[in-house]
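Here is the structure we will look at, set down as structure tokens.
The values are calculated or read from the model by the stated rules, or taken from the named source; none is laboratory data. Everything numeric in this text was worked out from a predicted model, so none of it was measured. Neighbour counts are summed over all protein chains in view; Cβ atoms, including those assigned to glycine, are modelled from backbone coordinates with ideal geometry. Ligands, DNA and RNA are excluded from the accessible area calculation, which covers all protein heavy atoms including side chains. Shrake-Rupley method; radii C 1.70, N 1.55, O 1.52, S 1.80 Å.
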Amino acid sequence: MAIVKMKKVGLVGPTYLRDELLALLQSSALIDVVPMSPLDESERAALEAPAELSTARMALQRTINTLESVRRKRDDAPALNEKNALTSERKALEAQAPSNGDDAPAQSTALSRRDTAEAIVGEVERRSARLNELDNRLTALGKERARLAPWGHFEPSELLELRERGVFVELYEGSNKELDAAPLSDLDWSGRVDLGGRKQGLIALRLDAPPALELEGFALPERSLQAVEEEIETLEQDKLELLEAQLASSAELPLLRRQERRLLDELSFAQVRAGLGGDEELFALQAWCPVKRVDELRSKLASIAVVLLVDDPGPDDEVPILLENGPIARLFEPLLNAFALPHYRELDPTGYIAPFMGLFFGFCLGDLGYGVVLALIGLFAKRRFGSQPEIRVVLNWIILLGVCTILVGGLTGNVFGMLIYQDQFLGLGSDMLLFRLSANPPDFFAASLLFGVVQITVGMLIRLVRELRLGQNQKAIGTVGWLGVMPSIALWAFLDLPWAFVASLLLIFLFAAPSPSVGRRLGGGAWALYNVTGLFGDVMSYARIFGLGLSSGIIAGVVNTIAMTVAHSVPVAGWVIAVLILVGGHTFNFAMATIGSVVHPARLQFLEFFGKFFEGGGRAFRPFRKLEGE
């Protein structure tokens, strides 16, 4: 539970060794490079432009996203003959890629892989562009078909031919009211068509002269409905063939991902190289390295003629943050990262978040059955989706929260809204358990506020330790005053000793804002005294633990009551309906209670707890590393 100590390192060497050194550093992943002065234009022109690498990487990422999307939709598509399509595509790609001789080095293999990946990207993007064109065209044709379908199948040329022979057919649109008011008796024949909504269509036929109705005319289409449907069918077949080819290309996703990592390595290399300082003969590099890995860095550089300088961080240095926590506390690092990393000279709060977050979550969800369900969901998801480290950490966190809920739910005796014991459990009396918290809401409310007092006190103790370490003794005295507020109120309430509270307020007034200026000191102290009311507000915020825990338990109990009432009231089908009520009700309650049990305890950590000691603002340690091969 600590922030890894860092050393500032500098490297100076001849320019001709620059690329060799960077390749070594990138493969070892020991340092976080700090950009120095940029290169001049002549040197920058000699580099492979990072913009070109970024463009290539973006195209590759688009291709990967496209193929992953096609693969996800595979179950909705017709059966595809992937093997034949993949075989033909690989032959085409192999024809484009350069062949390697028996003595070709690994670099030739990398070039072949790059050419193959570029060929796949080009083909996939070409198909994607064509698919977009087809989608746009199909959308337009769909509108045209919807416009023509109510009128049925007819050839516009046939209507023109009839007109030449003295048979005039006109198409009109209008409301029922407008059509009813039209002089249809002047026509030789008419028929109505339902156009949907309030619109009706009218087919008007008259011999010898065109119909003359004061209605909105429907322009004759240039082609028939059958022609439109035939084009739609042709384009949909073209689209299916393109999707089959895209699905076949998705078999090359591993190759594309390796190529993406290689491009990221090249981009990182180019960016670091462009940020080096120096002149035509020498280069300079500045970076951060964990203290415990400095000796490893020295041994790596032993074979290269460069100078390594090692120094301690200065007071104004922006030192990158690398957290070092145990296996349990490490699961809560994503929660801290979602808020802010600590800066280098403050404590890592992860280990303090872990017990409080687990405890608060357990009381908010508060049901052994719900805890089992949450843990099983985490285990199942981990088995199926836990191959990526980032996802695995989150799923382990979910499992741990489920275990916390199981422990709290077991001690309170709640299982899907039912109390599993009344007097004792496993030889333990109810007073030794937490049963009375769920049975007596006032006790639960008091326990929630006690949680707040304990956590806020821990936060103030952390601040006190930090101030003492930094030699801020007067601020530390003010923090002692803050620490004494709540205990002194208890002494006043139960032992009628008000002087302890007065002494705490006096320490806050005199030392909360230490300054050589008496005016600033007293003004800051007065403002701090006003903020004492905020301290009680912070404690009251912990009542949300009581509210969430009680509400989820009540809703679970209500679901059970409704289900049992239905089961005993409705003959035969009552139990079937009751099961549906139980499953649906508990699923809804579980989902809403789980979300609330994450959001509100997290808020207590970030606002009430962190507000007492945490500043934040650090940036993560990002090692200069090689991704290809991972």
Selection from segment 172-186 of residues in a helix (DSSP H, G or I), surrounded by 11 or more Cβ atoms within 10 Å (Cβ to Cβ) and either modelled with pLDDT of 85 or more or touching a strand residue (DSSP E or B) at 6+ places or on another chain (Cβ under 7 Å) (or both) yields N176, E178, L179, A181, L184
Report task. Please tell me if A567 is hydrophobic (A, V, I, L, M, F, W, C), surrounded by 14 or more Cβ atoms within 10 Å (Cβ to Cβ), at pLDDT below 90 and over 30 Å from V465 (Cβ atoms). Result -> yes
Filtering segment 522-564 for residues that are closer than 22 Å to A593 by Cα and open to solvent by 30 Å² or more (accessible area, probe 1.4 Å) leaves a count of 13
The condition from (1) assigned to a loop (DSSP other than H, G, I, E, B); (2) within 26 Å of A119 (Cβ to Cβ) that A209 misses is numbered (2)
The condition from (1) in contact with a helix residue (DSSP H, G or I) (Cβ under 8 Å, 6 or more places away or on another chain); (2) open to solvent by 50 Å² or more (accessible area, probe 1.4 Å); (3) part of a loop (DSSP other than H, G, I, E, B) that A513 misses is numbered (2)
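Which ones in segment 542-556 are over 10 Å from N589 (Cβ atoms) and in a helix (DSSP H, G or I)?
First, the residues of segment 542-556 that are over 10 Å from N589 (Cβ atoms): 542-550.
Correct list: A543, R544, I545, F546, G547, L548, G549, L550.
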Residues of segment 446-479 being under 22 Å from F536 (Cβ atoms), among the small types (G, A, S) and open to solvent by 40 Å² or more (accessible area, probe 1.4 Å), in sequence order, are A446
Residue pairs within 7 Å by beta carbon, gap of at least six or interchain, first lying in segment 315-339 and in contact (Cβ under 8 Å) with a residue 12 or more places away in the chain, second of a type outside the set (K, R) and loosely packed, with under 13 Cβ neighbours inside 10 Å, listed first then second, are P320/A620; I321/A620; E324/A2
For segment 352-377, pairs from a residue that is closer than 17 Å to R330 by Cα to a residue that is open to solvent by 50 Å² or more (accessible area, probe 1.4 Å), with Cβ under 7 Å and 6 or more apart or across chains, are A354/I328
Cβ pairs under 8 Å, 6+ apart or interchain, first in segment 565-582 and part of a helix (DSSP H, G or I), second open to solvent by 90 Å² or more (accessible area, probe 1.4 Å), ordered by first then second residue, are A567/W575; G574/H568
Checked pairs for segment 124-146, first farther than 12 Å from L235 by Cβ and open to solvent by less than 50 Å² (accessible area, probe 1.4 Å), second of a type outside the set (A, V, I, L, M, F, W, C) and in a helix (DSSP H, G or I), C-beta under 7 Å and 6 or more apart or across chains, list as V124/T63; V124/T66; V124/Q246; V124/S249; R127/Q246; S128/T66
Result of the Cβ filter at 6 Å on segment 512-536, keeping first residues that are among the polar types (S, T, N, Q) and partners that are part of a helix (DSSP H, G or I) and open to solvent by 40 Å² or more (accessible area, probe 1.4 Å), at least 6 apart or interchain, is S515/R521
Counting only residues in segment 283-336 that are open to solvent by 60 Å² or more (accessible area, probe 1.4 Å) and in a strand (DSSP E or B), the one nearest to M357 (Cα to Cα) is identified as E324
The lone condition T87 fails out of (1) under 20 Å from V124 (Cβ atoms); (2) β-branched (V, I, T); (3) at pLDDT 50 or above is (3)
